[in-house]
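One structure is given here, and the rest of the page talks about it.
The values are calculated or read from the model by the stated rules, or taken from the named source; none is laboratory data. Keep in mind that what you see is a predicted model, and the values were worked out from it rather than measured. Virtual Cβ from ideal backbone geometry, glycine too; neighbours counted across all protein chains shown. Each accessible area value is taken on the protein alone, full model and side chains, heavy atoms only, with ligands, DNA and RNA left out. Shrake-Rupley method; radii C 1.70, N 1.55, O 1.52, S 1.80 Å.
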Amino acid sequence: MALDGIFLRKVRNELMNEAVGLRVDRVNQPTKDEIVLNLRGRSVNKRLLICVRADSPRVHFTNYNIDNPPVPPMFCMLMRKYLQGALIKDVRQYETDRILFIDFDAVNEIGDRIELTVCVEIMGKYSNLILISGNRIIDSIKRVDYTTSSVRQILPGLDYCLPPAQDKLSLENENISKITDRILSQRDKYLSSAIMNTVQGVSPVIAREIAHKTAFEDVYVSSLNSDRCEILKGEILKIQQNLNSTQEVYILCEDNGKPKDLSHIDIKQYGDKLRVKAYNSCSELLDDFYFERDRINRINHRGHELIKLLNTMIDRTARKLIAQREELKKCEDKDKLKLYGELIVANMHRLCKGVAFYEVENYYDNCNLIKIPCNPALSPQENQKRYYKDYRKAQTAEKMLVELIKNGEDEIIYLESVLDELSRADTDNEISAIRLELSDGGYIKNTKGKKKKPPKELPPHEFRSDDGFRILVGRNNVQNDKLSLKTANKNDMWLHTQKIPGSHVIIFGDGNEISDLSIEQAAAIAAYHSKAVDSSLVPVDYTRVKQLKKPNGAKSGMVIYHEYRTIIIKPDKELVERLKVK
């Protein structure tokens with residue numbers, strides 16, 4: 001769901017209360033579509049995230065530390081030049097449209113005070129962040145020229161103008177009767193569509209909610225009687241009254257733990273199908289709603305080459321395995337080749353050249369007759385040698401193929417584990433550590449030229465169970481090995497998802513008996529830090545560290561164990577966040 005104009009009004013109100021009077025301490029640009037303003041006051045620090053990515057445009061405070069590239073982009077440098085040290089003095093919204101203006105009191109290079117405005121336009125793929133002085137565009141995060149749009153250009157030096165207006169009515173400026181009459185005039189449309197076509201700043205989920213509260217379902221406007229029309233008018237009035245209210249509850253709808261919709265009013269249209277979660281801050285809601293999606297986007301942006309490489313290697317190895325298994329099937333008939341050779345030797349005295357097959361008694365099958373195909377151009381001795389040669393070839397191939405298939409299966413398990421690590425990486429350091437792991441394993445070549453400094457090793461993720469036991473989770477395969485085989489004590493508890501790529505998890509007993517509650521919570525953490533994070537139920541094996549063995553030549557992160565127990569658990573994001581040591 002996109003952030004609508006009415007929800008943006010709530011964000012604007014929050015920024016007015018908490019951002020006005022703060023100064024810009026630093027400007028960062030984590031990705032090409034995101035700007036983070038680090039704000040500082042006398043006793044408060046805030047991070048204001050402005051995102052203009054097509055699938056998740058928004059502006060709000062964020063509590064997450066977003067990793068930044070080592071070299072800031074040019075637009076980031078320009079924003080630092082103009083906004084570093086600037087004071088936020090006002091936050092404005094254009095009617096109830098998805099356009100927000102953040103006004104700054106700044107100082108230029110020669111010490112003169114100037115007024116600057118950051119315009120945030122939240123309009124799907126046309127979303128943009130524009131830095132304005134007076135009414136003149138300084139620059140924008142996305143430049144729009146004549147080749148992109150013949151209607152409205154956004155380029156340095158041009159005057160800023162608003163996007164073309166839609167023929168919609170603003171709840172702020174129009175009376176309820178006029179809005180309701182226009183909705184009811186669209187008799188051939190569904191009620192939610194008529195609301196969307198009429199009211200400025202209303203998202204599809206809010207339009208459907210108004211329709212649901214009016215008629216319990218989305219019906220044609222023509223089917224509404226006078227009573228339903230009055231209910232519709234009342235629901236529109238509630239939205240208007242809610243526009244500038246100082247409400248403290250915002251709604252997130254989740255489908256199997258995944259965010260589906262967000263709203264500034266209570267949502268009833270889904271019934272019991274979706275879980276409803278309430279927030280006291282619209283920024284907190286937006287942070288939770290978009291964080292996981294944006295984290296994946298950032299990883300895809302920064303690690304797209306590694307992701308592509310790993311998928312290619314997995315696909316190539318899988319195709320090779322299919323061919324090897326087919327070849328192994330052909331080797332199943334090797335004993336028949338040996339039998340044919342033996343029977344030809346036993347009957348050599350009665351066989352002659354120039355026939356298509358030999359018909360002899362099979363003394364392994366009660367001397368029943370058996371037909372042995374042969375090459376008429378070859379003598380019986382030569383046919384016998386050919387069968388023995390094919391037998392030895394199949395026998396050798398079978399031994400080699402069994403080993404190759406085992407190596408290929410291990411290879412896929414390892415590559416999928418690395419891909420899983422990459423999907424959960426949060427920082428450039430983690431991606432660099434994974435790249436180094438692949439480089440050390442010979443999967444990628446070292447870059448030419450000056451040898452790069454190895455990435456700073458990050459500590460394992462740390463958690464604390466409700467019983468007080470310390471739980472560590474490896475970030476990558478190299479750290480998994482170190483954690484399980486060197487750091488952990490032999491009586492500590494080791495956990496891992498059963499036959500599913502994931503992180504090694506260790507519960508440190510420190511000489512105490514590890515409780516069932518800690519094992520259960522650690523299993524939920526292990527399921528969450530695995531490829532099965534979106535599954536409903538995940539099998540997690542657990543055993544003492546002393547049961548782990550590292551086979552000779554095994555790849556990083558691969559261990560074997562024989563004595564273990566299994567717990568079936570559901571990945572629990574809320575539990576993981578609650579137990580995480582900050």
Legend entry - From LEU285, LEU328, residue being part of a helix (DSSP H, G or I), among the hydrophobic types (A, V, I, L, M, F, W, C) and more than 30 Å from VAL199 (Cβ to Cβ): LEU328
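What are the residues in region 47-100 that are over 31 Å from the mean Cα position of the chain (by Cα), of a type outside the set (A, V, I, L, M, F, W, C) and closer than 30 Å to GLN240 by Cα, if any? Outline the logic, then answer.
Quick first cut of region 47-100, residues over 31 Å from the mean Cα position of the chain (by Cα) only: 81-96.
Filter once more, keeping what is of a type outside the set (A, V, I, L, M, F, W, C): 81-82, 84-85, 89-90, 92-96.
LYS89, ASP90, ARG92, GLN93, TYR94, GLU95, THR96, listed by residue number.
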Inset, instruction - Identify the single condition in (1) open to solvent by less than 50 Å² (accessible area, probe 1.4 Å); (2) more than 18 Å from ARG80 (Cα to Cα) that LEU131 does not satisfy, given that it satisfies every other one. - result: (2)
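Hey, can you tell me all the residues within region 167-188 that are part of a loop (DSSP other than H, G, I, E, B) and surrounded by 16 or more Cβ atoms within 10 Å (Cβ to Cβ)? Explain how you work it out, then say what you get.
First, pick out the residues of region 167-188 that are part of a loop (DSSP other than H, G, I, E, B): 167-168, 170-175, 186-188.
Correct list: LYS168, SER170, LEU171, GLU172, GLU174, GLN186.
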Legend entry - Set ARG23, ARG40, ARG47: member being surrounded by fewer than 21 Cβ atoms within 10 Å (Cβ to Cβ), within 20 Å of ILE132 (Cβ to Cβ) and in contact with a strand residue (DSSP E or B) (Cβ under 6 Å, 6 or more places away or on another chain): ARG23
Inset, instruction - Could you tell me whether region 189-196 includes any residue that is in contact with a Phe, Trp or Tyr (Cβ under 9 Å, 6 or more places away or on another chain), of a type in the set (D, E, K, R) and part of a strand (DSSP E or B)? - result: no
Inset, instruction - Would you be able to tell me the number of residues in region 406-443 that are open to solvent by 50 Å² or more (accessible area, probe 1.4 Å) and assigned to a helix (DSSP H, G or I)? - result: 10
Legend entry - Cross-chain or 6+ apart pairs with Cβ under 9 Å, region 269-289 first and within 17 Å of ARG47 (Cβ to Cβ), then charged (D, E, K, R) and at pLDDT below 85: SER281/GLU248
Inset, instruction - Please work out if ASP55 is acidic (Asp, Glu), touching a residue at least 60 places away in the same chain (Cβ under 8 Å) and more than 17 Å from ASP288 (Cα to Cα). - result: no
Inset, instruction - Check region 28-36 and report whether any residue there is in a loop (DSSP other than H, G, I, E, B), within 22 Å of LEU78 (Cα to Cα) and touching a Leu at 6+ places or on another chain (Cβ under 8 Å). - result: no
Inset, instruction - Provide a single number: the residues in region 276-334 that are surrounded by 13 or more Cβ atoms within 10 Å (Cβ to Cβ), closer than 27 Å to GLU577 by Cα, among the hydrophobic types (A, V, I, L, M, F, W, C) and modelled with pLDDT of 85 or more. - result: 6
Inset, instruction - Mind listing just one residue for me: the one in region 134-148 that is of a type outside the set (Val, Ile, Thr) and open to solvent by less than 30 Å² (accessible area, probe 1.4 Å) and, of those, farthest from the chain's Cα centre (by Cα)? - result: ASP139
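Looking at PRO164, is it assigned to a loop (DSSP other than H, G, I, E, B), exposed (fewer than 15 other Cβ atoms within 10 Å of the Cβ) and modelled with pLDDT of 95 or more? Reasoning before the result, please.
Numbers: assigned to a loop (DSSP other than H, G, I, E, B): yes; exposed (fewer than 15 other Cβ atoms within 10 Å of the Cβ): yes; modelled with pLDDT of 95 or more: no.
Spelling it out, it is not the case that PRO164 is assigned to a loop (DSSP other than H, G, I, E, B), exposed (fewer than 15 other Cβ atoms within 10 Å of the Cβ) and modelled with pLDDT of 95 or more.
Can you say whether GLU403 is under 47 Å from the mean Cα position of the chain (by Cα), open to solvent by 30 Å² or more (accessible area, probe 1.4 Å) and either closer than 12 Å to LYS334 by Cα or touching a residue at least 60 places away in the same chain (Cβ under 8 Å) (or both), as far as the supplied structure shows? Break it down into steps so the answer makes sense when it comes.
Working: under 47 Å from the mean Cα position of the chain (by Cα): yes; open to solvent by 30 Å² or more (accessible area, probe 1.4 Å): yes; either closer than 12 Å to LYS334 by Cα or touching a residue at least 60 places away in the same chain (Cβ under 8 Å) (or both): no.
Judged against the criteria, GLU403 is not a match.
Is it the case, given these coordinates, that ARG12 is within 28 Å of ARG113 (Cα to Cα) and either open to solvent by 10 Å² or more (accessible area, probe 1.4 Å) or in a loop (DSSP other than H, G, I, E, B) (or both)? Talk me through it step by step, then tell me what you get.
Numbers: within 28 Å of ARG113 (Cα to Cα): yes; either open to solvent by 10 Å² or more (accessible area, probe 1.4 Å) or in a loop (DSSP other than H, G, I, E, B) (or both): yes.
Considered against the rule, which asks whether it is within 28 Å of ARG113 (Cα to Cα) and either open to solvent by 10 Å² or more (accessible area, probe 1.4 Å) or in a loop (DSSP other than H, G, I, E, B) (or both), ARG12 comes out as yes.
If I go through region 207-230 residue by residue, how many of them are surrounded by fewer than 15 Cβ atoms within 10 Å (Cβ to Cβ) and in a helix (DSSP H, G or I)?
So the first thing to find is which residues in region 207-230 are surrounded by fewer than 15 Cβ atoms within 10 Å (Cβ to Cβ), and the list is 216-217, 222-223, 225-227, 230.
Adding the requirement that they be in a helix (DSSP H, G or I) leaves 222-223, 226-227, 230.
Adding up the residues that qualify gives 5.
Is there a residue in region 56-64 that is open to solvent by 50 Å² or more (accessible area, probe 1.4 Å), in a loop (DSSP other than H, G, I, E, B) and β-branched (Val, Ile, Thr)?
Taking region 56-64 as the starting set, the residues that turn out to be open to solvent by 50 Å² or more (accessible area, probe 1.4 Å) are 63-64.
From the residues that got through so far, the ones that are in a loop (DSSP other than H, G, I, E, B) too are 63-64.
Keeping just the survivors that are β-branched (Val, Ile, Thr) gives none.
No: zero hits.
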Legend entry - Pairs, first open to solvent by 80 Å² or more (accessible area, probe 1.4 Å) in region 107-123, second at pLDDT below 95 and outside any loop (DSSP other than H, G, I, E, B), C-beta under 6 Å, six or more apart: ARG113/VAL107
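Looking at region 26-47 only, could you name the residues that are out of contact with any Cys (no Cβ under 9 Å at 6 or more places or on another chain), touching a residue at least 40 places away in the same chain (Cβ under 8 Å) and within 25 Å of GLN93 (Cα to Cα)?
If we filter region 26-47 for residues that are out of contact with any Cys (no Cβ under 9 Å at 6 or more places or on another chain), which is where we start, we get 26, 30, 32, 36-47.
Adding the requirement that they be touching a residue at least 40 places away in the same chain (Cβ under 8 Å) leaves 26, 30, 32, 37, 39.
ARG26, LYS32, LEU37, LEU39 - these are the residues of region 26-47 that are out of contact with any Cys (no Cβ under 9 Å at 6 or more places or on another chain), touching a residue at least 40 places away in the same chain (Cβ under 8 Å) and within 25 Å of GLN93 (Cα to Cα).
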Legend entry - Tally of residues being under 22 Å from GLY201 (Cα atoms) and touching a strand residue (DSSP E or B) at 6+ places or on another chain (Cβ under 6 Å) across region 138-168: 1
